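Quick notes on the structure that follows.
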């Protein structure tokens, strides 16, 4: 299956029931110019599960997640080596269109970033508008479906034409999730999705992640270990060495990682004794 | 390495309380058996009265663990220590209850005839008390080999319990006057055998504390000749 343009429509038309997309990271290294930031990451991301990347600041976890939909290379001078497979196909392979990769592998960022001049409604379908015209009925259906999936519909259904920027921080983040869902991705990447939110909004996002897992494969970067423990099925721990290059220390089922990690470095980190 | 001084202080305090409770439970076994051996009713009564203090200590330690979980969010090895402590205090509290049960039986045995050498009960008591002591030692030193040795010792305790059971039945059969006291002594034996089982539970929890794995009674490693008992 190709990630080149013609195949995308076919992917997106597949019924939800047949979804379930896994990724594999094979020997992934990432650079900013000549500086290596991440070295030789190899791990699996199972379909319809939540995989958390944890580790101290500067360990390269955000760099890794950005490599998973080719966002890393958007930074000038940045590049990645190795393979990242989506359902067996290397997203760094020749002829692959990065724009299409990012449509299939959506991303939610740390700070809610709705388009400030757009209404709630337009924010949701912003990604689809970029991809071509939509008729009104189709757009209405997508907006409602996406907002429902993002657990925001009941709160905004009467103010769809209000500015997205008028919503609370937690609502704005769910609006951004709705925007990501509107283009029907296969995998959702979340980079610190709740770190700018209050505790109640954070729990709403975490609940939402549990619901989204039924339909999507999710990778989340978080510096909040309790959050990783609460929401994820698998946890990967990364650490930068003295050379300040991030490496994968250990990956495993979250239950085991937080009760009996194999590596002493993981134990030191999750018990708060790393330093 | 960052030191989590507040967490470590709370863990140290919890450990100290747990060991205090362990020594009180051990002492309760010794005193209950001493009261039984010499028919000291006042001593037996004090074992019964002191049990409340052990119960209070259990709730105090549980409270310490609650606070530790709520305020420190322990993970991995720290979390296992807290979870293990909650299990250990429950077992120690029950061990002390069994000692109290022996003390109550001592009161009932007052002025009743007794078989010579209490049918071997003091030896059984020494063995189970030693198992409790060794399980607590294994906890202090995080020694899984010692913990496994305690688990293996339980078979010998069960065999001795069986032998005492049969001896007491024979006493009853031989002399109808022994029916009541031998029945009470059977209950004493049962209390001791249960203490042995709980010492095994303590040891299994120590293995979990160290390895993160809950051991099944059947899946213990074969005896190492140097530690076999």
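Quick note: the coordinates plus some simple rules give every number you see, no bench work behind them. All values derive from a computational prediction rather than experimental measurement. As a convention, Cβ positions derive from the backbone with ideal geometry for all residues, glycine included, and neighbour counts pool all protein chains shown.
Distance from the Cα centroid of the stretch A:81-128 to that of the stretch B:30-68 is 65 Å (rounded to whole angstrom). On average over all directions, what projected area in square nanometres does the stretch A:49-129 have, based on the convex hull of its Cα atoms? Quarter of the Cα hull surface area: 7.6 nm².
Counting only alpha carbon atoms, the long axis of helix A:120-130 and the longest principal axis of chain A meet at about 80°. The P(r) of chain A has a tail past 29 Å containing 32 percent of all C-alpha pairs. To the nearest 10 degrees, how steep is helix B:121-141 against the longest Cα principal axis of chain B, on a 0 to 90 scale? Result, in degrees: 0. Relative to the dominant Cα principal axis of chain A, helix A:199-212 is inclined by about 80°. The calculated FRET efficiency for the pair residue A:74 and residue A:168, based on their C-beta separation and a Förster distance of 35 Å, comes to about 0.75. Could you tell me whether chain B comes out rounded, prolate or oblate from its Cα gyration tensor? Rule is a ≥ b ≥ c as square roots of the eigenvalues, rounded for a/c under 1.5, then prolate if a/b exceeds b/c, otherwise oblate. The shape class here is oblate. Apply the a/c threshold of 1.5 to the C-alpha gyration tensor of the protein assembly as shown and tell me whether it is rounded, prolate or oblate. The shape class here is prolate. Secondary-structure-derived ellipticity at 222 nm for the protein assembly as shown, considering helices only, amounts to -19000 deg cm²/dmol, per-run term -39500 (n - 2.57) for DSSP H runs with n ≥ 4.
Cβ crowding within 10 Å ranks A:91, B:69 as B:69, A:91, fewest other Cβ atoms first. Footprinting exposure proxy ranking of B:195, A:200, A:218, fewest other C-beta atoms within 10 angstrom first, gives A:200, A:218, B:195. Counting Cβ atoms of other protein chains within 10 Å of each Cβ in A:255-261 and taking the mean gives 4. Put the Cα centre of the stretch A:142-201 next to the Cα centre of the stretch A:248-275 and the gap is 32 Å. Taking other C-beta atoms within 10 angstrom as a stand-in for reagent exposure, A:54, B:169 fall in the order B:169, A:54, fewest first.
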